[in-house]
Every structure is written in structure tokens, then in C-alpha cells.
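Below is one structure, written out as C-alpha cells, with a few remarks after it.
The values are calculated or read from the model by the stated rules, or taken from the named source; none is laboratory data. Keep in mind that what you see is a predicted model, and the values were worked out from it rather than measured. Counting neighbours? That spans all protein chains shown, and the Cβs are built from the backbone with ideal geometry, glycine included.
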Amino acid sequence: MAPRRTRPPQPLAPHGIPGHLVEFVEALRRQGISVGPSETVDAGQVMATLGLGNREVLREGLACAVLRRPDHRDTYDVLFDLYFPAALGAKTVLADDDTEEGLPPEDIEALRSALVDMLADNDDVADLDERLAAMIAQIVEAYGRYNSSRGPSYSSYQALKSMSLDDLEGRLLAGLLAPYGEEPTPTQEQIAKALAAQRIAQLRRMVEAETKRRTAEQLGREHVQTYGVPQLAENVEFLRASGEQLRQMRRVVAPLARTLATRLAARRRRSRAGEIDLRKTLRKSMSTGGVPIDVVLKKPHPARPELVVLCDVSGSVAGFSHFTLLLVHALRQQFSRVRIFAFIDTTDEVTELFGPDADLAVAVQRITREAGVYTRDGHSDYGHAFVSFLNDFPNVLSPRSSLLVLGDGRNNYRNPETELLSHMVNASRHAHWLNPEPRHLWGSGDSAVPRYEDVITMHECRSAKQLASVIDALLPV
């Protein structure tokens with residue numbers, strides 16, 4: 001069998017410092033972080049002013065130059081570590097006079113004990129000297145290295161498993177409580193537990209960063225960028241988002257709503273030029289001999305339609321529906337009235353849960369607990385949801401209404417009741433369906449989307465960014 005090829009050593013900045021900075025900016029853009037030419041120039045000035053001597057100072061300086069939103073910081077930090085690594089190759093940063101105190105990588109128990117001592121004796125992991133970085137590098141090199149089909153690589157899971165973080169946290173907690181004697185107060189215990197959890201989390205992040213650094217050296221930065229860089233919250237697909245990612249996505253609702261409201265206000269300003277008011281124009285022309293020099297325009301009355309939201313809150317699309325409801329709630333002032341209906345197999349109104357002062361995170365959780373959104377087997381049934389909507393709320397839709405349906409259209413092979421949906425569309429001024437599934441999956445399996453597409457305009461909304469773009473286009477002017 002032919003020997004595996006390892007990636008030959010590559011220079012860190014083959015195109016010089018300016019070219020390296022441009023590559024870093026392009027990597028940020030590929031991840032969805034908007035960095036314009038002016039920000040790039042600012043970043044260059046930051047590098048020229050701060051120099052490369054202090055890596056953390058450079059990190060903060062470049063962040064000030066290229067970042068516009070705080071929720072982009074995690075992605076920025078990972079890319080910064082890839083393009084401005086703390087070291088090249090296996091770290092050997094211990095001074096020569098300290099080598100007798102160095103710990104062999106195979107002695108994992110000694111490493112754990114040394115880590116506990118370091119973490120317990122220092123207030124912040126970030127303030128520790130280079131010995132901690134060297135120790136983490138030893139652990140990653142000794143216990144995180146493995147051979148993949150593409151050559152040597154590194155696993156943060158293996159390295160963290162060897163460290164036994166749960167046991168490490170317990171020993172660290174005992175060390176933090178030791179100064180308080182045998183009976184620490186409840187407050188002291190809470191503070192010690194919080195500090196232990198915080199320092200272990202910092203330690204985990206340092207191990208993951210070291211693993212990505214070594215993997216990038218072996219397999220290239222592009223490989224790590226594909227698999228190891230966290231996506232921006234607005235780019236995460238709703239149907240693949242974890243619980244933590246959904247929580248991060250909810251935090252971008254307010255910025256998205258402000259952006260959409262600003263765009264809508266600009267569109268309304270541009271559309272204010274109405275029709276000519278003939279009566280006022282002729283009256284004003286009397287002062288100029290009947291010549292209409294100054295034309296008077298009618299003041300437009302921008303339509304603020306009623307919005308009716310019909311959303312599937314079943315488990316498969318709950319995250320998407322909840323996020324969209326939060327965004328709609330943030331934009332409620334753009335409509336004369338907003339009414340919200342939820343369903344799994346039966347429709348019920350939940351508008352009262354989304355009052356102006358409501359805790360939105362609590363409101364979306366109350367839907368499935370308090371609203372009558374299922375009366376059958378609890379599986380999605382769009383057809384029966386349409387039936388119950390028209391039976392229980394027959395007068396909701398009107399020529400002033402805009403209907404917005406949220407869901408993936410997966411009907412569990414039941415009657416889709418497209419005739420009823422068509423009736424709802426015809427009763428509304430506008431009607432749109434937002435679908436979180438990728439377009440290439442529409443119609444597969446139990447999806448009734450092709451039949452629904454015949455009667456209503458459907459939009460793909462896989463991520464918060466895509467959803468905001470669609471809603472921006474649909475907002476009334």
C-alpha cells in the first residue's frame with residue numbers, strides 16, 4: 001500500500017503581510033461577514049500601527065476594524081486563530097531552564113494535576129503564562145493525533161476525552177473551595193462552581209483552537225474553514241439548527257427587524273410622490289396667471305394591511321416558525337393588525353400570547369401547552385388545519401388581509417385540502433407561503449408542496465438571512 005501523503009510545509013504568508021491580510025478578509029466574507037474596502041484599509045492601518053508583536057492586541061484591533069456586529073465575534077475568533085496562529089508546528093515554548101519541570105505527554109495524570117493547580121491558582125485562564133499553552137499542545141499532540149485517509153490529523157474530542165473534564169472540574173472546584181475550610185457558605189460554593197465551570201469552558205475552547213491550528217497545518221486552512229468554523233447565526237439552516245444555535249438566532253431578531261424597518265421607511269419615502277391634485281394645483285396657479293408652475297401632488301396614504309399568520313408548530317419546523325413569529329412580532333408596527341394562528345393538526349388563535357409586553361421566548365413555548373393546536377394524533381395535518389381554520393374563524397380573511405403560511409408542507413400523506421387553501425388565497429389581498437425546506441426536497445416523500453404551489457406563491461426560507469430577504473420583499477409599502 002502506498003504511504004499516505006502529508007501536506008508539505010507551507011509558508012504562513014506566501015504573499016506577504018498585505019496579501020495575508022487580504023486572504024483573511026476574504027475568508028471572513030466567505031463566512032458571511034460583510035467587510036468592505038474601507039474596513040480592509042482600516043485593518044491594514046491597524047496592523048501597521050500595532051505591529052505583530054502582541055497577538056491578542058492585534059486580535060482586538062482587527063476586530064474593531066472589520067466587525068460590525070458582536071454576534072459575529074465567535075466566527076471571527078476562529079478565523080483569526082487560523083490566519084494568525086499562536087505557533088507553527090508542535091509548540092515547544094517552555095524555556096530551556098524550565099525543561100526539568102516539563103511534563104512528558106504520556107503522563108496524563110500528571111498533566112491533569114498540573115492543570116488543576118494552574119487553573120486554581122489563577123483568576124483567569126487568559127492571564128496564564130505560556131506554560132498552559134504548552135501543556136495543551138502536549139495533550140493535543142499526544143492524545144488528539146490520529147491518522148486519517150488524508151494523512152495525520154487532530155481530534156479535539158480525543159484530546160478532551162483524555163483530559164476527563166468532568167473529573168478535572170470536580171478537582172478544580174475542590175481546590176477553589178479549599179481556602180474556605182470544611183464548611184464554605186452557599187454563596188462561596190456558588191461562586192466557586194461558576195468559576196470552575198467558566199475556566200473549564202475556557203480550557204475546552206483552548207483545546208479546540210489548538211486542534212484546529214494543527215489540523216490546518218496538516219490539511220490546510222480551507223479544510224478547517226469548511227468543517228471547523230462556526231456559521232453565523234443568520235446563515236444556519238432552521239431545520240439543522242441545534243438548540244444553542246436557535247437561541248443565537250433569536251438574538252439576531254432585533255437587528256434584522258431594525259434593518260427591515262429602515263429599508264421599508266426608505267422605500268416609503270421614495271414612493272411618497274403621489275398623483276397630481278388637480279384642484280389644489282389650479283387654485284395655486286391663480287397667483288401665476290393660471291399657469292400651473294408648481295404642481296401639487298396628492299399625499300399618498302400608504303396601505304397598512306392586516307397580517308394573518310398561519311404557522312405549523314410541529315416539532316419538525318417549530319424552530320423556523322418560532323423565529324418567524326418573533327420577527328413578525330418585531331415588525332408588527334408595519335401592519336394595522338396582526339393575528340397569529342398556530343396548528344399541528346388543528347388551528348387555534350394565539351394572538352393574545354404575543355402582546356406588546358409579552359416575553360416572546362415564553363410565548364412561543366406556551367403555544368403547544370395552552371393552545372388547541374392538535375385534536376387528533378399530534379402529527380402535521382395541513383388539510384384538517386385548513387378545515388378547522390375556516391370553520392372556527394370564517395371571517396378573519398378579507399380584501400385587506402395578507403395571509404402568511406409557515407411550514408414545510410409535509411402532510412403525512414393526508415388530504416391536503418388544496419381547494420380550501422385556494423379559497424383562503426382568493427379571500428386575501430396577498431398570500432404567501434414560507435417553506436424552511438430546501439427547494440430540491442419539495443415534493444419528496446409525504447410533501448404536498450407541489451399541489452400547494454398551484455394555488456399559492458411559495459418561498460424557500462432555509463435561514464434567517466434568507467427569511468429576512470423574503471420578508472423584506474413582501475413588506476407593504
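A few notes on this one:
- When the stretch 194-204 is limited to residues that are without any contact (Cβ under 8 Å) to a residue 24 or more places away in the chain and loosely packed, with under 15 Cβ neighbours inside 10 Å, the one that is farthest from F80 (Cα to Cα) turns out to be A194.
- Residue count, the stretch 205-218 (criterion: touching a residue at least 24 places away in the same chain (Cβ under 8 Å), out of contact with any strand residue (DSSP E or B) (no Cβ under 6 Å at 6 or more places or on another chain) and not acidic (D, E)): 6
- Any hit, the stretch 9-24, residues being over 30 Å from S149 (Cβ atoms), in contact with a helix residue (DSSP H, G or I) (Cβ under 8 Å, 6 or more places away or on another chain) and at pLDDT 90 or above: yes
- Within the stretch 436-456, tally of residues that are surrounded by 13 or more Cβ atoms within 10 Å (Cβ to Cβ), in contact with a strand residue (DSSP E or B) (Cβ under 6 Å, 6 or more places away or on another chain) and over 19 Å from N415 (Cβ atoms): 0
- Residue count for the stretch 294-319, restricted to those that are hydrophobic (A, V, I, L, M, F, W, C) and within 17 Å of A257 (Cβ to Cβ): 2.
- Positions within the stretch 317-331 being out of contact with any Gly (no Cβ under 9 Å at 6 or more places or on another chain) and either assigned to a loop (DSSP other than H, G, I, E, B) or surrounded by fewer than 16 Cβ atoms within 10 Å (Cβ to Cβ) (or both), in sequence order: L331
- Qualifying residues in the stretch 226-244 (those that are closer than 21 Å to R68 by Cα and touching a helix residue (DSSP H, G or I) at 6+ places or on another chain (Cβ under 7 Å)) - the one surrounded by the most Cβ atoms within 10 Å (Cβ to Cβ): A233
- Of the residues making up the stretch 370-405, those that are in a loop (DSSP other than H, G, I, E, B) and either in contact with a Ser or Thr (Cβ under 9 Å, 6 or more places away or on another chain) or β-branched (V, I, T) (or both) number 15.
- Qualifying residue in the stretch 272-290 (condition: in a loop (DSSP other than H, G, I, E, B), at pLDDT 80 or above, within 30 Å of the chain's Cα centre (by Cα) and not aromatic (F, W, Y)): no
- Selection from the stretch 235-253 of residues that are outside any helix (DSSP H, G or I) and either of a type in the set (D, E, K, R) or without any contact (Cβ under 8 Å) to a residue 24 or more places away in the chain (or both): E237, S242, R251
- Complete set of residues in the stretch 55-71 that are at pLDDT below 90 and buried (at least 20 other Cβ atoms within 10 Å of the Cβ): none
- Of the residues making up the stretch 460-477, just one is in a strand (DSSP E or B) and surrounded by fewer than 18 Cβ atoms within 10 Å (Cβ to Cβ), namely E460.
- Test for A261: is it touching a residue at least 24 places away in the same chain (Cβ under 8 Å) and either of a type in the set (D, E) or in a helix (DSSP H, G or I) (or both): yes
- Of the candidates L467, L475, the single residue that is under 21 Å from G32 (Cα atoms), in contact (Cβ under 8 Å) with a residue 60 or more places away in the chain, of a type outside the set (D, E) and touching a helix residue (DSSP H, G or I) at 6+ places or on another chain (Cβ under 8 Å) is L467.
- Residue match in the stretch 355-369 (condition: part of a loop (DSSP other than H, G, I, E, B) and under 25 Å from N411 (Cβ atoms)): no
Here's the yes/no breakdown for (1) in contact with an Asp or Glu (Cβ under 6 Å, 6 or more places away or on another chain); (2) surrounded by 13 or more Cβ atoms within 10 Å (Cβ to Cβ):
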position: G289; (1), (2): no, no
position: E306; (1), (2): no, yes
position: V309; (1), (2): no, yes
position: G315; (1), (2): no, no
position: R337; (1), (2): yes, yes
position: F341; (1), (2): yes, yes
position: I344; (1), (2): no, yes
